[in-house]
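Student: Have a look at this one.
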Amino acid sequence: MHNTRLDALTEYPFQRLATLIQGVTPKAAPADQIAMSIGEPQHRPPELIRELLVRDIDGWGKYPPTPGTPDFRRAVADWAARRYRLPAGMIDGDANILPVAGSREALFMAAQLCVPPDKRGKRPTVLMPNPFYQVYFGAAVMHGAEPVFVPATAATGFQPDYALAGGDNLARAAMAYLCTPANPQGKVATLKRLTDTIRLAREHDFVLISDECYSEIYDGAAPAGALEACAALGGDLGNVLVFNSLSKRSSVPGLRSGFVAGDAKLIARFNKLRAHGGAVQPVPVLETAAALWRDETHVEANRALYRLKFADAAATFGNSHGYYTPDGGFFLWLDVGDGERATRALWAEAGVKVLPGAYLARPDATGANPGARYIRVALVHDRDRTKSALLRMKRVIDDLT
Ligand SMILES: Cc1ncc(COP(=O)(O)O)c(C=O)c1O
């Protein structure tokens, strides 16, 4: 016996990448080879975790509570209130926040929370941008929903407009994933786009799942968030769940620490579900995470380092290959004509591993894959290595196009 829904999932993009470049031998020496395919921050984690993680030895001897500790929830609530200028009392740590073991597992499990067996007698849909973070598709499919891909391409400002998802798709919608700043496109949903989407979610009774894990890596103004949009609409958090984590903000993807915030009814039901099968957070990890959410100094330094690397990228690419500096996040989304071909050439000729955009998208209604022309490049390494890799990349891509 096995779960046949799994058969509908393609291999994860990194496995597809390994297959694509199998047998390609880079000309670059191993020391010059660089993986810019995976969005794993390589910036040094904040020094304060060294002491924090071992301070509460007894904490490692406890089973962690599913809802975390009051202090963790308070730290997150305070951070959200500061970051999004929320009115006093709008977010209550105990009612509106849960810890999660990084946002990935929780974004996946959100479908278990939100997708009913049917909606008005029909198969539920899950709306998602296209291209998109692959977990959304896996979550929809594994929980029996029909994934509906809504364009998030250059033509739509790289964010989806769910009002255009189609009447039947909206009527059947159980949830909609929104990623802002977006992976892979790096574009931010405006406050208006967020408020419009929340109104739509309430009108059609689906849950907006706002994936905001890149919210602190930005260029210029801090991106709006769905909590801020709820405040703009009067403060009600109904139909909204926001996911964020320390992985990018604090360069600690290994800590596996994030949170979900929003609608008190959904949070209570999520807590019930997670008590059965959710990944809990060790108490010392919660204590460390609370301290990190209270500190902005390391976040500012982290953000500044990304800005320097994007300045290098802009200087390297200029207006070529569809280069634009993303509003947020740490990916370049370059139009190279044929992303798979460029990926193989970049590995062979420059020793640079990138991800073909096609692996982050599904064919649209016309059968065209909106990611096919692109590569995604993660600027996660130190500035010098990144700069030298970008220069090597530019030469190879210029020759290809
Ligand atoms: C768009 C997006 N959402 C969520 C995640 C999950 O991150 P984490 O589980 O480390 O919080 C990632 C990680 O790469 C991502 O790119």
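The values are calculated or read from the model by the stated rules, or taken from the named source; none is laboratory data. No experiment lies behind these values; they were computed from the predicted model shown. A quick note on method: Cβ atoms are made from the backbone with ideal geometry, for glycine too, and the neighbour counts reach across all protein chains shown.
Student: Taking the condition under 18 Å from the mean Cα position of the chain (by Cα), crowded, with 21+ Cβ neighbours inside 10 Å and under 23 Å from Ala232 (Cα atoms), does Pro129 pass? Quick ask: steps written out before the conclusion?
Tutor: Numbers: under 18 Å from the mean Cα position of the chain (by Cα): yes; crowded, with 21+ Cβ neighbours inside 10 Å: yes; under 23 Å from Ala232 (Cα atoms): no.
Answer is no for this residue.
Student: Now a separate question. Given the residues Pro30, Pro13, which is the only one that is touching a Phe, Trp or Tyr at 6+ places or on another chain (Cβ under 6 Å) and not assigned by TED's automatic domain parsing to the domain that holds Pro253?
Tutor: The unique qualifying residue is Pro13.
Student: Please enumerate the residues belonging to the stretch 214-236 that are surrounded by 24 or more Cβ atoms within 10 Å (Cβ to Cβ), more than 16 Å from the ligand (Cβ to nearest atom) and closer than 23 Å to Ala290 by Cα.
Tutor: Within the stretch 214-236, Leu227 is the sole residue that qualifies.
Student: Considering only residues that are away from the ligand (no atom under 14 Å from the Cβ) and in a loop (DSSP other than H, G, I, E, B), which ones fall in the stretch 118-141?
Tutor: Within the stretch 118-141, Asp118, Arg120, Gly121, Arg123, Pro124 qualify.
Student: Find all pairs meeting these conditions: Cβ atoms under 8 angstrom apart; at least six residues apart or on different chains; first residue within the stretch 185-198 and within 24 Å of Tyr323 (Cα to Cα) and not assigned by TED's automatic domain parsing to the domain that holds Ala154; second residue crowded, with 23+ Cβ neighbours inside 10 Å and at pLDDT 95 or above.
Tutor: Filtered contacts from the stretch 185-198: no entries.
Student: Here are Arg385, Arg344, Arg362, Arg376: which of them is touching a residue at least 40 places away in the same chain (Cβ under 8 Å) and surrounded by 24 or more Cβ atoms within 10 Å (Cβ to Cβ)? Explain how you work it out, then say what you get.
Tutor: On the way: Arg385 fails: surrounded by 24 or more Cβ atoms within 10 Å (Cβ to Cβ); Arg344 fails: surrounded by 24 or more Cβ atoms within 10 Å (Cβ to Cβ); Arg362 fails: surrounded by 24 or more Cβ atoms within 10 Å (Cβ to Cβ).
Sole residue among the options that is touching a residue at least 40 places away in the same chain (Cβ under 8 Å) and surrounded by 24 or more Cβ atoms within 10 Å (Cβ to Cβ): Arg376.
Student: Looking at (1) assigned to a loop (DSSP other than H, G, I, E, B); (2) of a type in the set (A, V, I, L, M, F, W, C); (3) in contact with a Leu (Cβ under 7 Å, 6 or more places away or on another chain), which is the only condition Ala222 fails?
Tutor: So Ala222 meets the others, but not (3).
Student: In addition: Just the residues that are away from the ligand (no atom under 13 Å from the Cβ) and without any contact (Cβ under 8 Å) to a residue 60 or more places away in the chain, please, taken from the stretch 199-213. Quick ask: steps written out before the conclusion?
Tutor: Restricting attention to the stretch 199-213, the residues satisfying the condition of being away from the ligand (no atom under 13 Å from the Cβ) are 199-208.
Within the stretch 199-213, Arg199, Leu200, Ala201, Arg202, Glu203, His204, Asp205, Leu208 meet the criteria.
Student: A further question on this structure: Residue check: is Val115 within 16 Å of the ligand (Cβ to nearest atom), in the same structural domain as Met142 (by TED's automatic domain parsing) and aliphatic (A, V, I, L, M)? Spell out how you get there, then give the answer.
Tutor: On the way: within 16 Å of the ligand (Cβ to nearest atom): no; in the same structural domain as Met142 (by TED's automatic domain parsing): yes; aliphatic (A, V, I, L, M): yes.
For Val115, the condition - within 16 Å of the ligand (Cβ to nearest atom), in the same structural domain as Met142 (by TED's automatic domain parsing) and aliphatic (A, V, I, L, M) - is not met.
Student: Right, something else. So Pro253 passes all but one of these: (1) in contact with a helix residue (DSSP H, G or I) (Cβ under 7 Å, 6 or more places away or on another chain); (2) away from the ligand (no atom under 11 Å from the Cβ); (3) touching a residue at least 60 places away in the same chain (Cβ under 8 Å). Which condition number does it fail?
Tutor: (2)
Student: If a residue counts only when it is touching a Gly at 6+ places or on another chain (Cβ under 9 Å), within 16 Å of the ligand (Cβ to nearest atom) and under 17 Å from Gly225 (Cβ atoms), which helices (runs of 4 or more DSSP H) contained entirely in the stretch 45-111 have at least 1 such residues?
Tutor: Because the criterion is at least 1 residues that are touching a Gly at 6+ places or on another chain (Cβ under 9 Å), within 16 Å of the ligand (Cβ to nearest atom) and under 17 Å from Gly225 (Cβ atoms), the helices (runs of 4 or more DSSP H) in the stretch 45-111 that meet it are 70-83.
Results for (1) surrounded by 11 or more Cβ atoms within 10 Å (Cβ to Cβ); (2) among the acidic types (Asp, Glu); (3) more than 20 Å from the chain's Cα centre (by Cα), shown as yes or no for each residue.
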| site | (1), (2), (3) |
| --- | --- |
| Ile21 | yes, no, yes |
| Thr25 | no, no, yes |
| Ala35 | yes, no, no |
| Gly39 | yes, no, no |
| Pro46 | yes, no, yes |
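Student: Let me ask something additional. In the stretch 171-196, which residues are more than 13 Å from the ligand (Cβ to nearest atom) and either surrounded by fewer than 24 Cβ atoms within 10 Å (Cβ to Cβ) or charged (D, E, K, R) (or both)?
Tutor: Of everything in the stretch 171-196, those that are more than 13 Å from the ligand (Cβ to nearest atom) and either surrounded by fewer than 24 Cβ atoms within 10 Å (Cβ to Cβ) or charged (D, E, K, R) (or both) turn out to be Ala171, Arg172, Thr190, Leu191, Lys192, Arg193, Thr195, Asp196.
Student: Taking the residues in the stretch 303-338 that are within 15 Å of the ligand (Cβ to nearest atom) and closer than 12 Å to Ile217 by Cα as candidates, determine which candidate is surrounded by the most Cβ atoms within 10 Å (Cβ to Cβ).
Tutor: Among those residues, the one meeting the criterion is Gly329.
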